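Right, one structure below, let's go through it.
The values are calculated or read from the model by the stated rules, or taken from the named source; none is laboratory data. Just so it is clear, the model here is predicted, and its values are computed rather than measured. Here the Cβ positions follow ideal geometry from the backbone for every residue, glycine too, while neighbour counts run over all protein chains shown.
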Amino acid sequence: QSALTQPASVSGSPGQSITISCTGTSSDVGTYNYVSWYQHHPGNAPKLMIYGVINRPSGVSNRFSGSKSANTASLTISGLQAEDEADYYCSSYTTGSTLIVFGGGTKLTVL
Amino acid sequence: EVQLVESGGGFIQPGGSLRLSCEVFGLTFRSNSMNWVRQAPGKGLEWISYISSGGTSTYYADSVKGRFTTSRDNAKNSLYLQMYNLRAEDTAVYYCATDGGSWSIDPWGQGTLVTVSS
């Protein structure tokens with residue numbers, strides 16, 4: 001299975017909102033509500049931010065929200081803060097023997 | 001607090017074998033499915049393996065199928081990744097991580113670096 005498609009980079013100013021897209025196929029994002037989003041500061045362990053398309057784990061700021069339409073899932077970060085600058089990855093459950101597929105990652109820069 | 005501690009990474013020549021370990025603290029290990037995920041230098045995250053809580057079901061990415069084997073010892077709260085016939089493209093930081101539900105992955109360990117080079 002091919003990786004999910006994410007933009008390589010996005011940027012925004014403090015206080016603004018940004019959205020990162022994650023495009024898959026009917027074998028993954030389009031069929032299953034098992035899309036997750038991870039925040040990764042290089043050198044640290046990745047952190048789960050969204051699971052099941054729209055759900056936030058305990059302790060994750062409500063500035064982070066997820067959605068999905070057809071084969072594309074999205075992560076929206078509102079009220080951008082400097083500490084949001086990181087790499088963001090989506091993942092999805094997928095059919096076949098490969099259970100989970102990741103997106104290529106998006107580097108978020110807070111200007 | 002849940003903690004996952006990987007070990008066993010290092011420098012290995014192409015064609016060699018290596019076994020990674022991951023010890024898990026702070027959760028009921030035997031009740032949790034587990035994953036291995038890797039990140040090659042300058043690249044994104046790549047899921048490579050899943051094992052069910054009882055160890056009876058395993059799944060692998062096509063890139064490692066037939067060369068890597070995942071196992072677990074629930075009595076030792078430990079997860080393992082046995083890697084054979086290593087290639088340069090297997091060079092990566094390898095993370096162990098718990099199944100977070102809804103096919104999410106959470107939490108993660110800090111990772112262990114495997115370098116395959118002659």
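Would you confirm whether or not segment A:80-87 contains a residue that is within 11 Å of chain B (Cβ to nearest Cβ) and either in contact with a Leu (Cβ under 8 Å, 6 or more places away or on another chain) or more than 20 Å from B:D106 (Cα to Cα) (or both)? Within segment A:80-87, one or more residues are within 11 Å of chain B (Cβ to nearest Cβ) and either in contact with a Leu (Cβ under 8 Å, 6 or more places away or on another chain) or more than 20 Å from B:D106 (Cα to Cα) (or both). I'd like the residue in segment A:27-73 that is of a type in the set (S, T, Y) and at the interface with another protein chain (Cβ under 9 Å from one of its Cβ atoms) and, out of all such residues, is farthest from A:G15 (Cα to Cα). Among them, the one singled out is A:Y32. Count of segment B:65-118 residues, restricted to those that are within 14 Å of chain A (Cβ to nearest Cβ), surrounded by fewer than 16 Cβ atoms within 10 Å (Cβ to Cβ) and in a strand (DSSP E or B), is 1. Taking the numbered list (1) touching a Phe, Trp or Tyr at 6+ places or on another chain (Cβ under 9 Å); (2) farther than 24 Å from A:N44 by Cβ; (3) acidic (D, E) in turn, B:D62 passes all entries but (1).
If the condition is being in a loop (DSSP other than H, G, I, E, B), facing another protein chain (nearest Cβ under 10 Å) and surrounded by 15 or more Cβ atoms within 10 Å (Cβ to Cβ), then segment B:35-62 contributes B:G44, B:A61.
Could you tell me which of the residues B:V64, B:V5, B:V114, B:V24 is under 27 Å from A:G96 (Cα atoms) and β-branched (V, I, T)? Write out each step before concluding.
Numbers: B:V5 fails: under 27 Å from A:G96 (Cα atoms); B:V114 fails: under 27 Å from A:G96 (Cα atoms); B:V24 fails: under 27 Å from A:G96 (Cα atoms).
From the options B:V64, B:V5, B:V114, B:V24, the qualifying one is B:V64.
When B:T69, B:T56, B:T91, B:T115 are screened for being at pLDDT 95 or above and within 11 Å of the chain's Cα centre (by Cα), only B:T69 passes. Residues of segment A:46-65 that are surrounded by 19 or more Cβ atoms within 10 Å (Cβ to Cβ) and either touching a residue at least 60 places away in the same chain (Cβ under 8 Å) or more than 18 Å from A:S17 (Cβ to Cβ) (or both): A:P46, A:L48, A:Y51, A:V53.
In segment A:66-83, the residue that is farthest from the chain's Cα centre (by Cα) out of those that are surrounded by 18 or more Cβ atoms within 10 Å (Cβ to Cβ) and free of Cβ contacts under 8 Å to residues at least 40 places away in the same chain is A:K68.
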